[in-house]
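Here the structure is laid out as structure tokens; the discussion comes afterwards.
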Amino acid sequence: MSREPDFIILGAMKCGTTSLKQNLNTHDEIYALPEEPRFFHSVRYREQGLKHYFSLFHGRDEAIVGESSGFYAWDSWCEETSDRMGRDVPEAKLLYIIRHPVERIASHWAWGLSNGQPWGTINEAVQSVDRLVEMSLYWRQISRYREHFPDDQIKILFLEDLKADPRAFFRDCGQFLGVDPSGFDFEEAATPKNQTADKRTDTRLAQRLRNWSGFWTLKEIIPDSIVQLGEQVLRRDGKIEPDWDPEVRRQVEERLATDAARMLDYCGRPRDFWTFETRSLQDVEPTPFA
């Protein structure tokens, strides 16, 4: 018999969503789909329908089941995502894990480069890749869901808290989801996952090659041994660090400041929980919450 999801992880990308999902699955009462179904924000919503989506949880005997997708928290990708969820799974609890918004941008950018995206420098990327900044507008993203879900069904989590005290972090998750808060594998929860630093990163030459229209056709006809040799030459070990132009960073922080301050206010966090280099969040006017 098909089931509806009891919880959905919205994102945000590069904020610990992999750790959150994998560690929720260490609890005997919880099951999170191992792969992202990417249902509510994609063509699958119309092509597959709710019956297929609910069938993904078929046969699970855990107390609660759920899924995740980082793209659920990018409204420009699909403006209907929150509307669809509110209409189709109104009882679901939403978990949204976030981090310092500028650090999220840098991590997302580095992850993109490590996966072959021709984004260029951090300064070039934030001006041409919309999702880098938009996914860090946390208040804008969660506000869409607040139109359809009551606040007691929304849990905002912070990567900073996960790093500081994994045990307290997951006990909090357990209480929110209504399962035994002590039922997680807390040793596993303390192990970082999906870190960009563990991957290889394209050099600028490799980025240009991937951006060339004939790259993928050429790759298909080159022997694997040559491809592997090329990757050894054109990719480098370790995490690439952003080299921010001060003016570009100022522009990004200016765009993020009001959103970040409102998000911290909503979560009951002090404004100095996140510190910006070029802008004080203390200057943002407080906003009453409905």
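The values are calculated or read from the model by the stated rules, or taken from the named source; none is laboratory data. These numbers come from a predicted model, not from an experiment. Positions of Cβ are backbone-derived with ideal geometry, glycine not excepted, and every protein chain shown enters the neighbour counts. Only protein heavy atoms, including side chains, enter the accessible area calculation; ligands, DNA and RNA are left aside. Shrake-Rupley method; radii C 1.70, N 1.55, O 1.52, S 1.80 Å.
For region 244-262, the criterion of being modelled with pLDDT of 65 or more, assigned to a loop (DSSP other than H, G, I, E, B), out of contact with any Gly (no Cβ under 6 Å at 6 or more places or on another chain) and under 26 Å from ASP130 (Cβ atoms) is met by at least one residue. The set of residues in region 161-180 that are in contact (Cβ under 8 Å) with a residue 24 or more places away in the chain and in contact with a strand residue (DSSP E or B) (Cβ under 9 Å, 6 or more places away or on another chain) comprises LEU162, CYS173, GLY174, PHE176, LEU177, GLY178, VAL179. Selection of first residues in region 96-122 that are in contact (Cβ under 8 Å) with a residue 24 or more places away in the chain and of second residues that are aromatic (Phe, Trp, Tyr) and in a helix (DSSP H, G or I), restricted to Cβ pairs under 6 Å at least 6 apart or on distinct chains, gives the following pairs, ordered by first then second residue: ILE98/TYR138; ILE122/TRP109. When every residue of region 108-121 is checked against the conditions, at least one turns out to be over 20 Å from MET263 (Cα atoms), surrounded by 19 or more Cβ atoms within 10 Å (Cβ to Cβ) and of a type in the set (Ser, Thr, Tyr).
From LEU132, LEU94, which residue is within 15 Å of the chain's Cα centre (by Cα) and assigned to a helix (DSSP H, G or I)?
That would be LEU132, the only listed residue that is within 15 Å of the chain's Cα centre (by Cα) and assigned to a helix (DSSP H, G or I).
Suppose we filter region 135-150 for residues that are open to solvent by 50 Å² or more (accessible area, probe 1.4 Å) and either in contact (Cβ under 8 Å) with a residue 60 or more places away in the chain or over 20 Å from the mean Cα position of the chain (by Cα) (or both); how many remain? Number of matching residues: 5.
Residue-level analysis places PHE169 outside the set of residues that are modelled with pLDDT of 95 or more, surrounded by 18 or more Cβ atoms within 10 Å (Cβ to Cβ), more than 16 Å from the chain's Cα centre (by Cα) and not in a helix (DSSP H, G or I).
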